[in-house]
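Visitor: Let me give you the structure first, and then I'll get to my questions.
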Amino acid sequence: MHQRLTKLSYFLSLIRVQQWIKNLFVFLPMFFNKQLVSFDSLISATIAFFLFSFIASSIYCFNDIVDLEFDKQHKSKKNRVLASGLVSINEARICMFVCSLLGLGLSYYLSGFDLFLVLTIYFLINVLYTLIFKKIMVLDVMFIAASFVLRLLAGGVATNTELSYWIIIMVTLLALFLAFAKRRDEVVIYMEDKILVRSNIDKYSLKFLDSILTVLSLAITMFYLAYTFSPETKAQFNSDYIWLTSIFVILGLFRYGRLIKLRQNYVNPTKILLKDKAMQFIVFSWIISFYIIIYT
């Protein structure tokens, strides 16, 4: 029994269950469309969340298979379950196949062709990212941003919610900010410890990344403020107080910027959200404040 539980923990590590938190973006369309109180929409979005998570996990398996030899030589990645031999390459292939089959097969059966199409596109562009585009400076980050937009699309088609251009722009900017912040930390690791976290990280520079992060921070703030003050938004939510939520957006950017400088949790968005109490408070406060304003 103990051995089975241990093996299960290896597979959970292989499919990166902790990374499923990123797929909560599928709930954003229904949240902003006041559908959070709709049981049917909540069920549809929850199904989309798990289906997207299965597809994302299949990509993690594929990535570890492709990068196996690189990971074996890496200071920290050599401890991954596949690189360390705790899971065999055949087991990883089977796991990838099962996750992709669950995600794509069930999406067509449970939610129809539209969600199946979004998940298929996500799967294909991430295969291309793993094989080609993650080696190309800047373009690698663009593919990450596209993956977050596809999470939004998945949530939109699952709940029959039309996405506004505001939410697409802001999620794209946020995804770019988080990805470039992670690249910055990887550059610092490379400069200080001579550890090549990814093959293209030596092509980035701190000066370039700091400039990009500054521009993205300002862009996120300006677009969010423009969104909260727009007549369209005020009419949609029947409120003049949406702008108050911008306080937490700005605080979140400041906090993340501080963590970038301190290099806490290696600027991993998932680890920060799971471990940093201040960031948890900021995100929770933003959700609650938005909920109070638009749902009450």
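Visitor: Give the number of residues within segment 57-88 that are crowded, with 19+ Cβ neighbours inside 10 Å and of a type in the set (Phe, Trp, Tyr).
Guide: Going through segment 57-88 one residue at a time, the tally reaches 2.
Visitor: On to the next question. For the subset of segment 1-21 comprising residues that are aromatic (Phe, Trp, Tyr) and in contact (Cβ under 8 Å) with a residue 40 or more places away in the chain, which member is surrounded by the fewest Cβ atoms within 10 Å (Cβ to Cβ)?
Guide: If we take residues in segment 1-21 being aromatic (Phe, Trp, Tyr) and in contact (Cβ under 8 Å) with a residue 40 or more places away in the chain, then 10 is surrounded by the fewest Cβ atoms within 10 Å (Cβ to Cβ).
Visitor: Please find, among 65, 59, 43, the residue that is farther than 28 Å from residue 27 by Cα, in a helix (DSSP H, G or I), modelled with pLDDT of 90 or more and not basic (Lys, Arg).
Guide: Going through 65, 59, 43 in turn, the sole match is 65.
Visitor: Now for a different question. Among the listed residues 86, 102, which satisfies the condition of being farther than 27 Å from residue 178 by Cα, out of contact with any Leu (no Cβ under 8 Å at 6 or more places or on another chain) and in contact (Cβ under 8 Å) with a residue 24 or more places away in the chain?
Guide: Criteria check complete, one pass: 86.
Visitor: Condition (residue is part of a helix (DSSP H, G or I), more than 20 Å from the chain's Cα centre (by Cα) and surrounded by 14 or more Cβ atoms within 10 Å (Cβ to Cβ)) applied to segment 173-181: is it met by at least one residue?
Guide: Within segment 173-181, none of the residues are part of a helix (DSSP H, G or I), more than 20 Å from the chain's Cα centre (by Cα) and surrounded by 14 or more Cβ atoms within 10 Å (Cβ to Cβ).
For (1) assigned by TED's automatic domain parsing to the domain that holds residue 246; (2) acidic (Asp, Glu); (3) within 21 Å of residue 30 (Cβ to Cβ), each residue gets a yes or a no:
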| residue | (1), (2), (3) |
| --- | --- |
| 128 | no, no, no |
| 144 | no, no, no |
| 149 | no, no, yes |
| 180 | yes, no, no |
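Visitor: On to the next question. Which of the residues that make up segment 129-141 are in contact (Cβ under 8 Å) with a residue 12 or more places away in the chain, hydrophobic (A, V, I, L, M, F, W, C) and surrounded by fewer than 20 Cβ atoms within 10 Å (Cβ to Cβ)?
Guide: Residues satisfying the conditions are 131, 136, 137.
Visitor: Scan segment 152-172 for residues that are surrounded by fewer than 16 Cβ atoms within 10 Å (Cβ to Cβ) and assigned to a loop (DSSP other than H, G, I, E, B) and jot them down.
Guide: 160, 162, listed by residue number.
Visitor: Something else about it: Kindly establish whether residue 149 is assigned to a helix (DSSP H, G or I), within 25 Å of residue 174 (Cβ to Cβ) and of a type in the set (A, V, I, L, M, F, W, C).
Guide: yes
Visitor: Would you mention how many residues in segment 27-40 are among the aliphatic types (A, V, I, L, M), part of a helix (DSSP H, G or I) and over 15 Å from the mean Cα position of the chain (by Cα)?
Guide: Summing the residues that are among the aliphatic types (A, V, I, L, M), part of a helix (DSSP H, G or I) and over 15 Å from the mean Cα position of the chain (by Cα) in segment 27-40 gives 1.
Visitor: Moving on. Check off (1) over 27 Å from residue 34 (Cα atoms); (2) at pLDDT 95 or above; (3) of a type in the set (Ser, Thr, Tyr) for residue 122 and give me the number that stays unchecked.
Guide: Answer for residue 122: the failing condition is (1).
Visitor: Any chance segment 22-34 includes a residue that's aliphatic (A, V, I, L, M) and free of Cβ contacts under 8 Å to residues at least 40 places away in the same chain?
Guide: Yes; the residues of segment 22-34 include at least one that is aliphatic (A, V, I, L, M) and free of Cβ contacts under 8 Å to residues at least 40 places away in the same chain.
Visitor: Of all residues in segment 204-225, count the ones that are over 22 Å from the mean Cα position of the chain (by Cα) and surrounded by 13 or more Cβ atoms within 10 Å (Cβ to Cβ).
Guide: So the count comes out to 2.
Visitor: Now for a separate question. Quick test of your reading of the structure: residue 165 fulfils all but one of (1) of a type outside the set (S, T, N, Q); (2) within 26 Å of residue 219 (Cα to Cα); (3) touching a helix residue (DSSP H, G or I) at 6+ places or on another chain (Cβ under 6 Å). Name the failing condition by number.
Guide: Unmet for residue 165, out of (1) of a type outside the set (S, T, N, Q); (2) within 26 Å of residue 219 (Cα to Cα); (3) touching a helix residue (DSSP H, G or I) at 6+ places or on another chain (Cβ under 6 Å): (3).
Visitor: Also, I was wondering about something else. Of all residues in segment 244-266, how many are farther than 17 Å from residue 33 by Cα and surrounded by 15 or more Cβ atoms within 10 Å (Cβ to Cβ)?
Guide: Of the residues in that region, 15 qualify.
The values are calculated or read from the model by the stated rules, or taken from the named source; none is laboratory data. Not measured: the values here are computed from a predicted model. Cβ atoms come from the backbone with ideal geometry, glycine included; neighbour counts cover every protein chain shown.
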